[in-house]
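What follows draws every value from the coordinates through simple rules; no lab data is involved. Bear in mind that the values here come from a model prediction, so they are computed numbers and not experimental data. Neighbour counts are summed over all protein chains in view; Cβ atoms, including those assigned to glycine, are modelled from backbone coordinates with ideal geometry.
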2 protein chains.
Amino acid sequence: MTGSRAPSGNRDYTARTGTTTKMVERTEIRLAGEGGQGMILAGIILAEAATIYEGRNAVQSQSYGPEARGGASKSEVIISSGEIDHPEVLLPDVVVTLSQEAFRKFASTVKPTGLLIVDADKVNSSSVPKAIRLPITKMAFESTGRVITANTVALGVLVGLTKVVSRQALEKAVLARAPRGTEEMNHKALAAGFAAAGRVKKG
Amino acid sequence: MTGSRAPSGNRDYTARTGTTTKMVERTEIRLAGEGGQGMILAGIILAEAATIYEGRNAVQSQSYGPEARGGASKSEVIISSGEIDHPEVLLPDVVVTLSQEAFRKFASTVKPTGLLIVDADKVNSSSVPKAIRLPITKMAFESTGRVITANTVALGVLVGLTKVVSRQALEKAVLARAPRGTEEMNHKALAAGFAAAGRVKKG
């Protein structure tokens, strides 16, 4: 699972995480936050984007251990163009953390050449130079008036940076899972995420 | 995973599925239906009942293959008092099917000594004598006025028959995931499921 690819000097995470190359057939994603931040739903939506709207294979899971009573909640997605023989995330290509506790537990699990996305306001990540810091929860509030759309913003950021699924597939999957009456809000949250990803890529 | 336990002649599925014995440390559950029947959420709730409210370990997952565009949707839960080394469901102790397509694909996957629960009105299961047939969707409508509570009724039936988690833990987990304003409805759906399980056991 480890490669000898040289670290890229630019900020093209599409290439860096390798999700659009033919050589990499499997992408592992770990989404972590506090209970109530909707990371499980985000994982389900991402898996549905890949499978229902792009015809690929996916496994989405959450493991609950002794820590389930509080603290960090994590959700995992594996997306592949082929069969998924091993349904476990071993060395994630992408890790998203929306809380300090999630960062503490899972930030170090990202693949050395992978992508780490953190909520800049929720996580003190100054010790990890490679982290992409964006005020995800604040962006959710500013774009929709509801912090609970942070998970949708995070999906927009993740897909905008990695292209692990197409924007169109993600939009369809988000809207299919949006409670009636929240479609517009979720659409705005996604757009905010993609816009932020665009600024990171140009930055 | 297979045992030499003699088939029990009575209808005590608690003993039959072995979920309350000390010898069986791992219970595998597969929940299947159509998209929109809420089987993924049912799996998440069951895992949270076991972990957050009973301090055990669980893995909850869904695998999406080429069939994801329609037809049967399945959700899986593994509950264990110990660590879960293999997060795949291999030979489920319990299979629940709420649609004909789900029955066709997954009914035969249940362990020979396991428990198969089907929605009697949705599934023609006459070829499988051992199936427990209950009109789950109809019970949902009759108890709450909403067929979308069928997943909650199914959880009540499953837990009532297997005791894989306590009723109290399941109630807490259901209510923690119930959208605001639907607590009473979900409580009624659960009660209907447990009542039906009680009638099966006595029958």
Taking the alpha-carbon centre of each part, the distance from segment A:94-115 to segment B:32-65 in Å is 24
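Using only the alpha carbon atoms of segment B:18-202, find the Kirkwood hydrodynamic radius as the inverse mean reciprocal pair distance, in angstroms to one decimal.
Taking every pair of different Cα atoms in segment B:18-202, averaging 1/r and inverting gives 16.1 Å.
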Within the set B:L115, B:L90, B:L98, GNM on chain B using Cα springs under 10 Å gives the largest fluctuation to B:L90
Expected response for nearest chain B Cβ to the B-A rotation axis, distance in whole Å, is B:S61, 2
Inter-copy distances for A:V128, label 7 Å out on the Cα-Cβ vector, sorted ascending, nm, one decimal, are 4.4
Expected sort for B:E142, A:E101 with the fewest Cβ neighbours (10 Å cutoff) up front is B:E142, A:E101
Phi angles of segment B:61-68, converted by Karplus (6.51 cos²θ - 1.76 cosθ + 1.60, θ = phi - 60°) into ³J(HN,Hα) in whole Hz with x for Gly and Pro, give 8, 9, 9, 10, x, x, 7, 5
From the Cα centre of segment B:127-148 to that of segment A:184-200, the distance in Å is 42
Magnitude of the Cβ-charge dipole (Lys and Arg +1, Asp and Glu -1) of segment A:50-203 about the Cα centre, nearest 20 debye, reported as 480
With +1 on the Cβ of every Lys and Arg and -1 on the Cβ of every Asp and Glu, the dipole magnitude of the protein assembly as shown about its Cα centre, in debye rounded to the nearest 20, is 180
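Show me the ranking of peptides A:171-177, A:124-130 by mean Cβ neighbours inside 10 Å, starting with the highest. Numbers along the way, then the final one.
Working: A:171-177: 19.0, A:124-130: 11.7.
Put in order of decreasing packing, that is A:171-177, A:124-130.
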Quick shape check on segment B:44-121: root eigenvalues a ≥ b ≥ c of the Cα gyration tensor, a/c under 1.5 is rounded, otherwise prolate if a/b tops b/c, else oblate, and it reads prolate
Put in order of increasing Cβ neighbours within 10 Å, starting from the fewest, A:L134, B:L91, A:L170 give B:L91, A:L134, A:L170
With the label set 7 Å along Cα→Cβ, B:L91 is separated from its counterparts in the other copies, in nm and shortest first, by 3.4
Only helices counted: for chain B, with every DSSP H run of 4 or more residues adding -39500 (n - 2.57) and the sum spread over all residues, [θ] at 222 nm is -11500 deg cm²/dmol
For B:K105, inter-copy label-point distances (7 Å, Cα→Cβ), nm, shortest first, read 3.1
Charge dipole of the protein assembly as shown built from unit charges on the beta carbon (Lys, Arg +1; Asp, Glu -1), centred at mean Cα; most positive-end Cα among B:M39, B:Y53, B:T137 is B:T137
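Can you flag which of A:K74/B:K202; A:K122/B:K163; A:K111/A:K138; A:K74/B:K172 are past 30 Å Cα-Cα? Before the final figure, lay out the partial values.
On the way: A:K74/B:K202 41 Å; A:K122/B:K163 40 Å; A:K111/A:K138 27 Å; A:K74/B:K172 21 Å.
Over 30 Å apart, Cα to Cα: A:K74/B:K202; A:K122/B:K163.
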Per-residue Cβ contact counts at 10 Å, fewest first, order B:F106, A:F141 as A:F141, B:F106
